[in-house]
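Take a look at this one; I'll ask things after.
The values are calculated or read from the model by the stated rules, or taken from the named source; none is laboratory data. Small disclaimer: the values here were computed from a predicted structure and weren't measured. Virtual Cβ from ideal backbone geometry, glycine too; neighbours counted across all protein chains shown. Keep in mind that these areas ignore ligands, DNA and RNA; they rest on the heavy atoms of the full protein, side chains included. Shrake-Rupley method; radii C 1.70, N 1.55, O 1.52, S 1.80 Å.
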Amino acid sequence: MRGLGFEEVFAMLVAVQLSGADLSRLRDWIASIAQPAECIALIEQAAAGRPCPHCGCARKHRCGQASGLQRFRCLGCRRSHNALTATPLARLRKKECWLPYLQCVLESRTVRESARIVDVARTTSFRWRHRFVPGAMRERPAMLGAIVEADETYRLESQKGSRSLTRRARKRGGVAKRRGINREHDCLLVARDRNGQTLDFHTGRGQVTAAQLHRCLAPVLAADVLLISDGAMAYRRFAAASGITHEWVNMKAGERSRGAIHIQNVNSWHSRFKSWLVRFRGVASRYLINYSGWQRLLDARCLTTPALMLGAAVRLD
């Protein structure tokens with residue numbers, strides 16, 4: 001009896017209406033047979049033509065191999081390097097598991113779920129999350145133009161995972177000691193234009209200030225931009241000092257929009273971010289910017305495959 005060829009099997013898969021569970025099983029099976037050389041090839045391809053990460057010299061020659069990667073020696077500083085040197089992924093092991101793990105990142109799986117699927121330790125899964133995500137989230141727009149909405153959202157400061165607290169411990173889901181926004185809250189500033197391009201900034205504790213707005217927004221706003229915000233005085237001061245056209249919505253008075261003047265796009269992003277964050281059951285303040293960057297990547301749909309995400313993490317700024 002003749003076995004089925006690949007084209008016949010593929011045609012059958014295309015014709016069948018696969019459920020979410022079926023797709024997950026098929027994806028897991030494909031990931032299980034992926035060759036380690038595939039990840040190595042993607043890394044080398046993303047780093048092709050890169051100058052020396054130590055001195056920037058473009059002249060180099062091959063200098064053996066280590067951990068499956070080609071090593072090079074720079075003719076300028078005489079130091080050696082490979083495709084991962086000076087990237088967030090330097091010195092990480094188990095490269096054959098990276099692509100399946102990145103698929104877990106794209107599916108927003110928890111640390112324990114990812115560790116179980118990829119068959120690595122929980123601590124390894126956590127460490128990889130905070131190497132791959134910061135590496136990939138460097139893919140961000142350089143400038144925002146036309147109409148830009150800016151607003152901040154606040155989360156209660158968290159020292160989750162810390163071995164030495166700077167305050168008394170509180171139960172998960174606790175509340176601040178004082179009412180309103182204060183130094184017990186982390187501020188996440190989000191700017192989003194009407195084309196869907198988004199930038200996020202962790203400005204620290206307490207309410208955002210004009211100085212923080214100038215440091216974060218001034219380099220990324222075009223000169224002819226229209227900035228829209230709520231009625232916070234910090235935005236008015238920043239816009240006046242920077243010479244930026246500014247409109248504001250009086251949210252405290254119940255005003256939501258005046259025609260095209262509104263901040264509903266950025267507030268919608270805040271809502272999606274907070275809903276998405278629930279699955280992780282709290283994040284430490286020091287990692288908040290990693291999670292907002294992770295959500296920004298998923299929301300932008302610019303890195304939709306593990307290969308694209310790996311390439312973004314390997315590329316240098």
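When a/c is below 1.5 the answer is rounded, else prolate if a/b is larger than b/c, else oblate, so apply that to region 122-266 with a ≥ b ≥ c taken from the square roots of the Cα gyration tensor eigenvalues. Working shown, then result.
Details: a/c = 2.25, a/b = 1.44, b/c = 1.56.
In terms of gyration-tensor shape, oblate.
If each Cα of region 146-229 is one equal point scatterer, what is log10 of I(q)/I(0) from the Debye formula at q = 0.15, 0.17 Å⁻¹?
Cα-only, vacuum Debye calculation for region 146-229: -0.64, -0.76.
Follow-up. Using DSSP, restrict attention to beta bridges with both residues in the chain and report what percent are antiparallel, rounded to the nearest 5.
Numbers: 25 of 34 bridges.
About 75 percent, rounded to the nearest 5.
Hey, any idea what % of region 209-317's accessible area is carbon plus sulfur with a 1.4 Å probe?
The C+S portion of the solvent-accessible surface of region 209-317 is 52 percent.
Per residue, how many Å² of accessible area does region 204-317 show with a 1.4 Å probe? Present the calculation step by step, with values, prior to reporting the outcome.
Details: 5550 Å² over 114 residues.
On a per-residue basis, region 204-317 sits at 49 Å².
For region 152-204, what % of the accessible area comes from carbon and sulfur atoms, probe 1.4 Å? Walk me through the numbers on the way to the answer.
Numbers: 1600 of 3490 Å².
Carbon and sulfur atoms account for 46 percent of the accessible area of region 152-204.
In addition: With every protein chain left in place, what is the accessible area per residue of region 28-118 in square angstrom, probe 1.4 Å? Write down the numbers at each step before the final one.
Numbers: 5060 Å² over 91 residues.
Per-residue accessible area for region 28-118 comes out at 56 Å².
So what's the gap between the Cα centers of region 68-120 and region 208-232, to the nearest angstrom?
Here the answer is 36 Å between Cα centres.
Still on this structure, please answer the following. Hey, which aspartates and glutamates would be in cross-link range of Lys274, C-alpha to C-alpha under 17 Å, not counting anything within fewer than 8 residues on its own chain?
Reachable aspartates and glutamates: Glu107, Asp151, Glu152, Glu157, Asp186, Asp200, Asp299.
Moving on to the next point. Please report the equivalent ellipsoid semi-axes of the chain, computed as sqrt(5 x eigenvalue) of the Cα gyration tensor, largest first, in whole Å.
Ellipsoid semi-axes (Å, largest first): 39, 26, 22.
Shape of region 83-175 from its Cα gyration tensor (a ≥ b ≥ c, root eigenvalues): rounded if a/c is under 1.5, otherwise prolate when a/b > b/c, or oblate?
Numbers: a/c = 1.92, a/b = 1.10, b/c = 1.76.
Oblate shape, in that a/c is at least 1.5 and b/c is the bigger or equal ratio.
Let me ask something additional. What is the calculated FRET efficiency for Arg25 to Ala169, with r their C-beta to C-beta distance and R₀ = 45 Å, to the nearest 0.05?
On the way: r = 42 Å, r/R0 = 0.93.
Rounded to the nearest 0.05, the efficiency is 0.60.
Ordered by packing density, taken as the mean number of other Cβ atoms within 10 Å over each peptide's residues, highest first, how do 305-313, 177-185 rank? Walk me through the numbers before you get to the answer.
Details: 305-313: 20.0, 177-185: 12.6.
Descending packing order for the listed peptides: 305-313, 177-185.
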